[in-house]
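Taking it in order: structure first as structure tokens, then the write-up.
The values are calculated or read from the model by the stated rules, or taken from the named source; none is laboratory data. If you're wondering where the values come from, they're calculated on a predicted model, not measured in any experiment. Because the Cβ atoms are built from the backbone with ideal geometry, glycine has one as well, and the counts that use them run over all protein chains shown.
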Amino acid sequence: MKRTRKEKFIDIIAYVIIFGVYESIKYIPLQLDMVISKILGNIFYYMAPSLREKIMYNLKIVFENNLSKDIKNIEFLTKKIISETFLNIFEFSYWTTKTTEELEKVIEIQGMDILEKIKKQKKPVIAISGHNGNFIIMLAYLAIKNKNFSWIERTANNIYLAEFMRRLQKNREIDSISKINMKEAIIIAQKWLRKGNILALLIDQHSGEGVEVNLLGKKVFAPIGVEILARKFDCSVIGVFIYRTHRFRHRIIIEGPYPVQRTKDLKKDTVFNTQMFYNRIEKYVLLHPEQWFTWLHKRFRH
């Protein structure tokens with residue numbers, strides 16, 4: 001999509017800020033990252049009204065009947081969500097300066113035996129996930145540890161940031177599949193799966209061409225790419241999720257394989273399986289709602 005002059009200007013400003021953070025991180029004590037993120041979260045809460053309203057809109061829809069029980073202060077949670085986004089940027093910038101051995105000291109993995117067992121079967125695997133926690137670190141870390149692991153990502157509209165992220169991935173010898181050209185991405189993904197590799201798909205955002213399922217008590221449309229690819233290539237389906245446990249400490253959860261339903265009724269299976277995947281995503285959203293990046297998108301639509 002062609003960018004307007006105003007959008008291009010904003011893209012440049014955003015790139016300068018994020019690149020500045022990346023270059024400055026080596027000089028900033030790690031202990032200050034949460035403080036700075038909180039300050040930036042509060043600033044952007046007031047300076048970015050469209051973002052603020054989008055987050056609050058999603059929160060109010062989900063928690064409209066349980067505000068006193070689950071979310072005591074929508075404003076506080078909105079600031080926290082924005083702050084967590086900045087914290088993710090700080091962490092990722094810091095992460096790119098560390099060796100794999102150093103990262104293993106701050107990343108706990110639960111369920112690695114599941115991944116190892118599936119890899120021995122030499123069957124293609126689809127790993128479902130959502131935009132929970134610092135999902136970028138999770139995907140990159142799993143790709144470093146497993147050369148047969150990749151994922152389909154939505155390339156940033158900001159061409160400067162997209163190129164910046166591509167360079168960072170290249171430095172780590174990581175190669176994801178960009179869906180800027182969806183037809184080409186599907187071809188690459190199918191070739192990847194035919195080789196018996198692992199493909200991660202983040203499926204928690206809106207898809208107008210998907211199926212209707214429940215998420216956080218609301219009806220939403222969910223993408224069905226997992227179901228199509230898993231059925232076509234007889235893939236095992238697992239889940240990979242991450243959440244922050246402390247300052248720059250994360251827990252990656254690998255679970256499954258899920259008991260996917262396979263009958264002659266494709267439509268029924270698609271709804272059943274997609275709902276099962278969304279139930280797993282919902283679990284981790286509720287575990288740490290402030291760490292769900294999808295609040296920043298228009299997820300719940302009437």
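Annotation: of all residues in the stretch 133-148 being more than 11 Å from the chain's Cα centre (by Cα) and of a type in the set (S, T, N, Q), the one that is farthest from Leu201 (Cα to Cα) is Asn146. The single condition among (1) more than 30 Å from Lys195 (Cα to Cα); (2) without any contact (Cβ under 8 Å) to a residue 24 or more places away in the chain; (3) not in a loop (DSSP other than H, G, I, E, B) that Asp113 does not meet is (1).
In this structure, Lys123 qualifies as farther than 21 Å from Ile174 by Cα and among the charged types (D, E, K, R). Looking across the stretch 263-302, the residues that are surrounded by 12 or more Cβ atoms within 10 Å (Cβ to Cβ), farther than 13 Å from Lys218 by Cβ and basic (Lys, Arg) come down to Arg280, Lys283.
For the stretch 143-174, the set of residues classified as at pLDDT 75 or above and either in contact with a Cys (Cβ under 6 Å, 6 or more places away or on another chain) or surrounded by fewer than 13 Cβ atoms within 10 Å (Cβ to Cβ) (or both) consists of Lys147 only. Within the stretch 268-302, being among the β-branched types (Val, Ile, Thr) and closer than 21 Å to Thr245 by Cβ holds for Ile281, Val285, Thr294. Listed by first and then second residue, the pairs with beta-carbon distance under 7 Å, at least 6 apart or on different chains, first residue in the stretch 58-71 and within 14 Å of Leu296 (Cα to Cα), second modelled with pLDDT under 55, are Leu59/Ile71.
Checked against the criterion of being part of a loop (DSSP other than H, G, I, E, B) and charged (D, E, K, R), the stretch 245-262 has at least one qualifying residue.
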